[in-house]
Structures are given as structure tokens and as C-alpha cells.
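Read through the structure below, which is laid out as C-alpha cells, and then see the notes.
The values are calculated or read from the model by the stated rules, or taken from the named source; none is laboratory data. This structure is a prediction, so every number in the text was calculated from the model and none was measured. No Cβ is skipped: glycine too gets one built from the backbone with ideal geometry, and neighbour counts run over all protein chains shown. The protein model used for the area step is the full one, side chains on, heavy atoms only, and it has no ligands, DNA or RNA in it. Shrake-Rupley method; radii C 1.70, N 1.55, O 1.52, S 1.80 Å.
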Amino acid sequence: QVQLVESGGGLVQAGGSLRLSCAASGSIFSIATMGWYRQAPGKQRELVATITSSGSTNYADSVKGRFTISRDNAKNTVYLQMNSLKPEDTAVYYCKFSLGIRNYWGQGTQVTVSS
């Protein structure tokens with residue numbers, strides 16, 4: 001079992017920045033693919049960004065050039081740096097751990113961007 005704890009959400013004005021963190025338990029973090037997803041009210045959960053164990057990244061078109069995903073394997077932590085935030089980025093952001101058939105989700109952190 002892997003436990004994930006997100007932090008860093010909050011209220012920010014449009015154009016501002018936030019950095020989300022997700023700390024994972026266990027000793028297999030470094031070989032897992034980590035991802036950030038978000039879910040806005042009334043919408044389905046969607047991919048924001050992923051990072052593999054080798055550091056390859058993938059982003060949703062809507063956040064390319066504004067968000068950066070990174071990881072620190074020594075700290076078992078994945079980050080999401082969010083710049084130039086827009087009101088449409090408002091959502092609950094979830095961290096996901098993926099390794100083979102094992103998938104674990106964090107509890108989510110709220111990000112609200114005011115116009």
C-alpha cells in the first residue's frame with residue numbers, strides 16, 4: 001500500500017503561481033510513474049501531467065508552457081509548479097502513483113483561481 005499526501009493548494013489570483021507537492025510513502029517511489037490530475041465541479045477527472053521513473057514528462061495541452069512537473073526521488077515527492085494560472089485551472093488536484101497494475105490516489109488539494 002502506498003499513501004500519498006498532497007499539499008500546496010489554495011486561493012490565488014489569475015496570473016499567479018502555486019506549487020503543489022505530493023509525498024509518497026514506501027520504498028518504490030523512484031520506479032513509479034507519478035501524475036497530477038484534476039477534477040473541476042461537474043466535470044470528469046482529467047490528466048494534467050505525468051513523469052516517469054526516468055524523468056520523461058507529458059502534459060495536457062491546456063497546461064503546456066505554464067505547468068511543470070518534477071520529482072525528487074530522495075524525498076519521495078513529486079511537484080507541480082503552476083504558473084500563469086487561469087480561472088479555468090480551478091479544480092481539486094490529485095496525485096497518482098502508478099506501477100504496473102498498482103494505482104494509488106491522494107486525497108486531493110483544492111486550487112481556486114480568482115479572476
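Values as computed for the structure displayed
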{"item": "Average projection area in nm² (convex hull over Cα atoms of the stretch 62-115, one quarter of hull surface)", "result": "4.8 nm²"}
{"item": "Cα-based reach from K86 at 20 Å (exclusive), listing lysines while leaving out same-chain residues under 8 positions away", "result": "K43, K64"}
{"item": "The chain, relative contact order [Cα under 8 Å, separation at least 6], %", "result": "36 percent"}
{"item": "Tensor-based shape of the chain (alpha-carbon gyration tensor, a/c under 1.5 rounded, otherwise prolate or oblate)", "result": "prolate"}
{"item": "With all protein chains modelled, accessible area of W105 [1.4 Å, Å²]", "result": "100 Å²"}
{"item": "Computed lengthening from S17 to S62, 0.36 nm per intervening residue step minus Cα-Cα distance", "result": "14.6 nm"}
{"item": "Length released on extending from S53 to Q81, taking residue separation times 0.36 nm less the Cα-Cα span", "result": "8.2 nm"}
{"item": "Cα-based Kirkwood hydrodynamic radius, the stretch 26-73, one decimal, Å", "result": "11.7 Å"}
{"item": "Area accessible to solvent at Y93, 1.4 Å probe radius, in Å²", "result": "0 Å²"}
{"item": "Length released on extending from Q3 to T112, taking residue separation times 0.36 nm less the Cα-Cα span", "result": "36.8 nm"}
{"item": "Accessible carbon and sulfur surface of the chain relative to its total accessible area, %, 1.4 Å", "result": "47 percent"}
{"item": "Simple spin-label estimate for N73 and L99 in nanometres, 7 Å along Cα-Cβ", "result": "1.2 nm"}
{"item": "Euclidean distance of C-alpha centroids, the stretch 23-86 and the stretch 1-20, integer Å", "result": "11 Å"}
{"item": "For the chain, size of Cβ-based charge dipole, Lys and Arg +1, Asp and Glu -1, in debye", "result": "80 debye"}
